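Here the structure comes first, spelled out in structure tokens, and everything after it is commentary.
The values are calculated or read from the model by the stated rules, or taken from the named source; none is laboratory data. Since we're looking at a predicted model, the values are computed, not measured. With ideal geometry, Cβ positions are generated from the backbone for all residues, glycine too; neighbour counts draw on all protein chains shown. Ligands, DNA and RNA are excluded from the accessible area calculation, which covers all protein heavy atoms including side chains. Shrake-Rupley method; radii C 1.70, N 1.55, O 1.52, S 1.80 Å.
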Amino acid sequence: MNLEIEETRLTSEIDALARFSDAEAPAVTRVVFTEQDRKARVWLKERCREAGLNIREDAVGNTFARWEGSKPELPAIATGSHIDSIPHAGRYDGVVGVLGGLEAIRALQSRGFQPRRSIELIIFTSEEPTRFGIGCLGSRLLSGALAPDAAAVLRDDEENTLEVVRHRAGFTGPLDRIQLQSGAYSAFVELHIEQGPILEQEKIGLGLVTSIAAPASFRVRIDGEGGHAGGRLMPGRRDALCAAAEIILAVEGAALAGGAVDTVATVGICEVHPGAINSIPSQVQLGIDLRDTDPARRDIAQGRIELVCREVAERRGVSIAMETINSDPPAQSSPEILAALTTACEKEGCRFRAMVSRAYHDSLFMSQIAPVAMLFIPCRGGVSHRPDEYSSPLEIARGVRVLARTLATLADGESQS
Ligand SMILES: [Zn+2]
């Protein structure tokens, strides 16, 4: 089967989608359920309809565009990703998997391929945590990893609940109808930019993701005692920021202590109250991100951080509360899908390597209801979540070609040519 990927069309569609943005080009800001997100969804559904796909949307806006197979009663196979972005991001994260998935379907259609299993393109709602503070909102609900009641009360910065915001965006069905049964899909494959430097450094065109690291995140709130920076002498101070400083270094230490390269820990948020140069900090909030391919090792690192929090609280006379935002299991890719991807790479004559995804994606949650795998393409300098994020049309087309072949194998269909 010789597959024609229409690179020019795909590039112009990626550019077109990037124009639905609240930031000036080349930056893309497209936060879930904003006006730009709404317009992007309308535009994208139109492209799917042009390809003859049937569209269904669920109560949180996950969108399913289906190419009906000759055996529609069989579990479908699916591909897809997300189109929302963090503020001032680039145009490829997520989008390559959505528009690339659509192009893969169109390439198969134009070869006269007839799938036995239906093939669905899934556009997941709010992969980015920007608005509601939790990543992969749509796929968490689809897989049951997030309970509908807990989702409904999530709030954005303006204190609007998800329940209110989704209704305003036109998604009104009951949240408890979103979850899919295990076995709803026989396979899910996600094409994505690597968001790291390995493929580019090694000059390898494709990465086959064998596992996705287990992510966890925590909020730590430290309450001390404020006061005048001059009037209050050093003895007996209960400075919340000094306590936070010890914890921040302990977070780094907890990741390093296990000696495993796969353990990573980051404090990405440090909010100081009242935040005045002449005032002793009375309260600090920290946001901690902790990941590992091995969840048991991750839990040990978490235990080390908790221990330090208790010790610092006691010694400094501050109160420290640590709250878990999320703590998710890792995902292992399906050997069958990896085999199909490997064969597809070989048929296309593409060099590839196995790799671990340290960022998490909707595939992490889809793995709870379906066999999954991911396909990475290089991005320049490993840069992502920035306006200068870039993958070349050639690299994208290569990924799409391998994705299309893989979908063809998994859909178990026949080609007329
Ligand atoms: Zn992404």
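Please report the antiparallel percentage of the DSSP beta bridges confined to the chain, to the nearest 5. Just about 70 percent of them are antiparallel. Once the cut-off is 18 Å, how many percent of the Cα-Cα pairs in region 1-110 end up in the long-distance tail? Within region 1-110, distances greater than 18 Å cover 51 percent of Cα pairs. Sparsely packed loop sites in region 41-147 (the GluC sites (Glu not before Pro) outside DSSP H, G, I, E and B with at most 15 other Cβ atoms within 10 Å) comprise GLU68, GLU73. Dipole magnitude for region 1-156: about 400 debye, using +1 per Lys or Arg Cβ and -1 per Asp or Glu Cβ, origin at the Cα centre. About its Cα centre, the chain has a charge dipole of approximately 280 debye under the convention of +1 per Lys or Arg Cβ and -1 per Asp or Glu Cβ, with nothing else charged. Amide H to amide H distances under 5 Å link ALA187 with ALA78, where only residues 5 or more positions off or on other chains count and H is placed in the peptide plane. Kirkwood-type hydrodynamic radius, region 166-277: 20.2 Å, calculated from all non-identical alpha-carbon pairs. Cross-link partners of LYS203 among lysines, defined as those whose alpha carbon lies under 21 angstrom from its own and excluding same-chain residues fewer than eight positions apart: LYS347. Shape annotation for region 296-417: C-alpha extents along the principal axes are 75, 35, 20 Å, from largest to smallest.
Computed from phi, the 3J(HN,Hα) profile of region 294-310 under the Karplus parametrisation 6.51, -1.76, 1.60 (θ = phi - 60°) reads 9, x, 5, 5, 4, 5, 5, 4, 4, x, 4, 5, 4, 4, 5, 4, 5 Hz, with x in place of Gly and Pro.
With q set to 0.17, 0.20, 0.26, 0.27 Å⁻¹, the log10 of I(q)/I(0) for region 271-317, from the Debye formula over equal scatterers at the Cα positions, is -0.68, -0.81, -0.97, -1.00. Whole-Hz Karplus values for region 23-35 come out as 10, 6, 4, x, 5, 10, 10, 9, 8, 4, 6, 8, 4 Hz, taken residue by residue from phi with 6.51 cos²θ - 1.76 cosθ + 1.60 and θ = phi - 60°; glycine and proline positions read x. Averaged over its residues, region 1-118 has an accessible area of 38 Å² per residue, based on protein heavy atoms and a 1.4 Å probe. For region 73-153, the direction-averaged projected area of the alpha-carbon convex hull comes to 6.6 nm².
When you work out D = kT/(6 pi eta Rh) for the chain at 10 °C and 1.306 mPa s, using the Kirkwood radius from C-alpha pairs as Rh and the Stokes-Einstein form, the result is 70 µm²/s.
Full extension of the chain between ASN278 and GLU159 gives 39.8 nm of extra length, using 0.36 nm per residue less the Cα-Cα distance. To the nearest Å, what is the center-to-center distance of region 384-414 and region 64-104, using C-alpha atoms only? Here the two parts' Cα centres lie 11 Å apart.
Regarding region 226-345, what is the average projected area of its C-alpha convex hull, in nm²? List each step's numbers first, then the result.
On the way: hull surface 40.4 nm².
Average projection, Cα convex hull of region 226-345: 10.1 nm².
What does the charge dipole of region 66-175 about its Cα centre add up to, to the nearest 20 debye, if the Cβ of each Lys and Arg holds +1 and the Cβ of each Asp and Glu holds -1?
Values: 12 positive and 14 negative charges, 131 e Å.
The calculation lands at about 640 debye.
Backbone phi angles across region 129-145, fed through the Karplus curve with coefficients 6.51, -1.76 and 1.60 (θ = phi - 60°), yield HN-Hα couplings of x, 3, 8, 10, x, 9, x, 6, 4, x, 6, 4, 5, 4, 8, x, 5 Hz in residue order; Gly and Pro are listed as x. Here region 1-150 has 46 percent of its accessible surface on carbon and sulfur atoms, given a 1.4 Å probe and all protein chains in place. For the chain, the mean residue ellipticity at 222 nm estimated from helices alone is -11000 deg cm²/dmol, where every DSSP H run of n ≥ 4 contributes -39500 (n - 2.57) and the total is divided by all residues, rounded to the nearest 500. For ASN326, the residues whose amide H sits under 5 Å from its own are SER217, ignoring neighbours fewer than 5 places away on the same chain, with H placed 1.01 Å from N.
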